[in-house]
Amino acid sequence: MNKLNVAILGLGVVGGGTYDILQTNRDLITERTGCEIEVKRIFGRRHREDVPEELFTLNYDDILNDPEIDVVCETLGGIEPSRSFMLEAMKRGKHVVTANKAAVAAGWDELNDQAKANGVRFLYEASVCGGMPVLSAIRGNLSASRFLEVRGIINSTTNYILSKMAREGKSYEEALKDAQAMGTVERDPSSDVSGMDSANKLCILMSLLFGTHIPPEDIPRTGITELTKEDMAEAERNQQVIKLVAHGWLEDGELKCYVRPERIGRDDPLAMANDEKNALIVTSDMSGINMFYGNGAGPLVTGSAVAGDILSIALMGGK
């Protein structure tokens, strides 16, 4: 039986969820892939007693220099050192899987070029919509079409806050505090509420859909911090809801885009996405309108997409 050895960089929310999935569903994964997938190393400090101590290392060279490690799974977050770690892994002939939208968006060209130059796979399904297989569809079954537009709700944190404001009549500050108390929102939510997280994801989507890389900092962006409960009440009176919408489209051959709060009618397909749910609409010339809907965040939700990318490498015999 084939074997695929994996190193996970960071055992936080996403890395921990990935590890748990690979362990819990080990037999099912082996049956489906015909390949035994083993977590051989974890980069970081040990903070879980249920994970063997000998797996952990604080020296990245232990991973780079191990010829038995086939896949580096990067779940550290942030641009650096994550981008450099991924580039070095590819130079050593290791496949890379990541959920890190900031590093993928910032290093789009060099990461993809490095993967091609070294004949390895660079996969990042989890970087955009958690467990929703959006990127796989774009690169797979929809790839014979010419893409025209992408529009969606792709940040779970802001969608949760806006849903709470609309449903309970709370101010932005009150909704944010409640979400933080429940653990739904990161301790530092600035990337989410400013719209930067959505811009990172839109950058990745547009790079795949339209073949044009617009750096996330160049995407026109407005966050949700200035929204009030009066704004939400007015939208309600007009049979509308307010959502943070990421939108990219071709107009007379020119790619246009933005991330901003929008009032949308209750009959808009995006209006049904509440709380942590994401929704994305992709329009193309041949396949028409395709909508994706599902959970956009969470350790097992996002971890399932990371694990899915690892399994896709296993199904190709580690090639």
**Q.** All positions within the stretch 221-239 that are assigned to a loop (DSSP other than H, G, I, E, B), in contact with a strand residue (DSSP E or B) (Cβ under 7 Å, 6 or more places away or on another chain) and surrounded by 13 or more Cβ atoms within 10 Å (Cβ to Cβ)
**A.** Thr222, Ile224, Leu227
Q.
I'd like to verify a number: residues in the stretch 1-14 that are surrounded by fewer than 20 Cβ atoms within 10 Å (Cβ to Cβ), among the hydrophobic types (A, V, I, L, M, F, W, C) and not in a helix (DSSP H, G or I), how many?
A. 1
Q.
For the condition under 22 Å from Cys257 (Cα atoms) and crowded, with 24+ Cβ neighbours inside 10 Å, what is the one hit in Thr158, Thr212?
A. Thr158
(Q) Name the single residue that is nearest to Ile79 (Cα to Cα) among those in the stretch 172-209 being of a type in the set (Asp, Glu) and open to solvent by less than 30 Å² (accessible area, probe 1.4 Å). (A) Asp197
**Q.** Residues that are aliphatic (A, V, I, L, M) and touching a strand residue (DSSP E or B) at 6+ places or on another chain (Cβ under 6 Å), drawn from the stretch 167-217
**A.** Ala199, Leu202, Leu205, Met206, Leu209
**Q.** Residue match in the stretch 79-92 (condition: on the phi < 0 side of the Ramachandran plot, in a loop (DSSP other than H, G, I, E, B), polar (S, T, N, Q) and modelled with pLDDT of 95 or more)
**A.** no
**Q.** Residue count, the stretch 240-268 (criterion: part of a strand (DSSP E or B), touching a residue at least 12 places away in the same chain (Cβ under 8 Å) and open to solvent by 60 Å² or more (accessible area, probe 1.4 Å))
**A.** 3
Q) How many residues are of a type in the set (D, E, K, R) and buried (at least 23 other Cβ atoms within 10 Å of the Cβ) if we restrict to the stretch 299-319? A) 1
Q) Out of the stretch 269-298, which residues are crowded, with 18+ Cβ neighbours inside 10 Å and not in a strand (DSSP E or B)? A) Leu270, Ala273, Glu276, Gly296, Ala297
(Q) Taking the condition of being among the β-branched types (Val, Ile, Thr) and under 14 Å from Ile37 (Cα atoms), how many residues in the stretch 269-319 meet it? (A) 3
Q: Tell me which residues, restricted to the stretch 15-66, are in a strand (DSSP E or B) and out of contact with any Leu (no Cβ under 9 Å at 6 or more places or on another chain).
A: Thr57
Q | One residue from Asp109, Asp70 being surrounded by 18 or more Cβ atoms within 10 Å (Cβ to Cβ), under 30 Å from His213 (Cα atoms) and in contact with a His (Cβ under 9 Å, 6 or more places away or on another chain) | A | Asp70
Q | Tally of residues being free of Cβ contacts under 8 Å to residues at least 24 places away in the same chain and either closer than 24 Å to Pro220 by Cα or more than 22 Å from the chain's Cα centre (by Cα) (or both) across the stretch 168-196 | A | 10
(Q) For Met132, only one of the following conditions fails: (1) surrounded by fewer than 21 Cβ atoms within 10 Å (Cβ to Cβ); (2) touching a residue at least 40 places away in the same chain (Cβ under 8 Å). What is its number? (A) (1)
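The values are calculated or read from the model by the stated rules, or taken from the named source; none is laboratory data. Since the model is a prediction, treat every value here as computed from it, not as a measurement. Neighbour counts run over all protein chains shown; Cβ positions are idealised from the backbone, glycine included. All accessible areas refer to the heavy atoms of the entire protein, side chains included, with ligands and DNA or RNA removed. Shrake-Rupley method; radii C 1.70, N 1.55, O 1.52, S 1.80 Å.
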